[in-house]
Amino acid sequence: MREASNLWGKWRNNIAFSLTAAVVVVGDQLSKAWIRSNLALGEVSPEGEFLFFTHIRNTGATFGIFRGYTLQLTIIGFVAIGVVLFYAFYLARRYPPLNNLMSKSALGMVLGGAIGNVIDRVSLGYITDFVGVGSWPPYNIADAFMTAGVITFVGSLFRIMYYRKKARAKA
């Protein structure tokens with residue numbers, strides 16, 4: 001029984017990482033497919049509201065910067081996926097304080113978002129953006145999770161530094 005517990009402890013963070021990434025990819029792709037089939041390009045629903053849905057084709061990066069650079073942004077997306085995987089499966093093992101549930105879940109959000117947007121770029125040549133909030137540029141589920149993942153990951157790093165500093169102060 002003890003061996004099963006140790007095995008779960010070793011694999012828990014990687015399972016959380018993988019499941020988080022998978023859920024983000026599936027949710028992102030389903031939401032984009034729903035928008036493409038239910039809202040005409042450029043349509044806004046409900047009109048005049050602070051939070052609304054709109055169907056936008058984004059050939060650029062976040063906020064529409066670098067429009068028309070689909071190939072370059074696709075390559076950057078693949079590189080980002082590789083960096084996250086390298087970190088999650090290699091560096092995190094070599095530096096145990098970085099291999100925790102919070103960090104791995106955050107990286108799963110980033111990975112899932114990056115994969116979701118790369119799928120769009122490769123299959124459609126653009127990314128479907130659809131969530132509008134006020135005057136903020138429209139974004140999608142992948143963008144939201146990548147942002148949340150980066151913020152959570154940075155938070156986990158600050159948490160690690162805080163507890164290390166606290167432990168040093170006690171010593």
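Here, each number is a calculation from the coordinates, and none is a lab measurement. Here the structure is a predicted model, which means the values were calculated and not measured. Note: ideal-geometry Cβ built from the backbone for every residue, glycine included; neighbour counts use all protein chains shown.
Distance from the Cα centroid of region 101-164 to that of region 31-61 is 19 Å (rounded to whole angstrom). Could you work out the local net charge near Ala88, counting Lys and Arg as +1, Asp and Glu as -1, over the other residues with Cβ closer than 13 Å to its Cβ? That sum, taken over residues with Cβ under 13 Å, equals +3. Taken over the Cα atoms of region 11-102, the convex hull encloses 142 Å³ per residue. Estimated from helices alone, the mean residue ellipticity of the chain at 222 nm is -22500 deg cm²/dmol (sum of -39500 (n - 2.57) over DSSP H runs with n ≥ 4, per residue).
Using the Cα centre of region 8-88 as the reference point, and only Cβ charges (+1 on K/R, -1 on D/E), how large is the resulting charge dipole? Debye, rounded to the nearest 20.
On the way: 6 positive and 4 negative charges, 80 e Å.
The dipole magnitude comes to about 380 debye.
Against the chain, whose longest principal axis comes from its Cα atoms, helix 101-124 is set at around 30 degrees. Magnitude of the charge dipole for region 13-170, about its Cα centre and with charges confined to Cβ atoms of Lys, Arg (+1) and Asp, Glu (-1), is about 1220 debye.
Could you check how many percent of all C-alpha pairs in region 93-136 are farther apart than 13 Å? Numbers along the way, then the final one.
On the way: 640 of 946 pairs.
Beyond 13 Å sits 68 percent of the P(r) for region 93-136.
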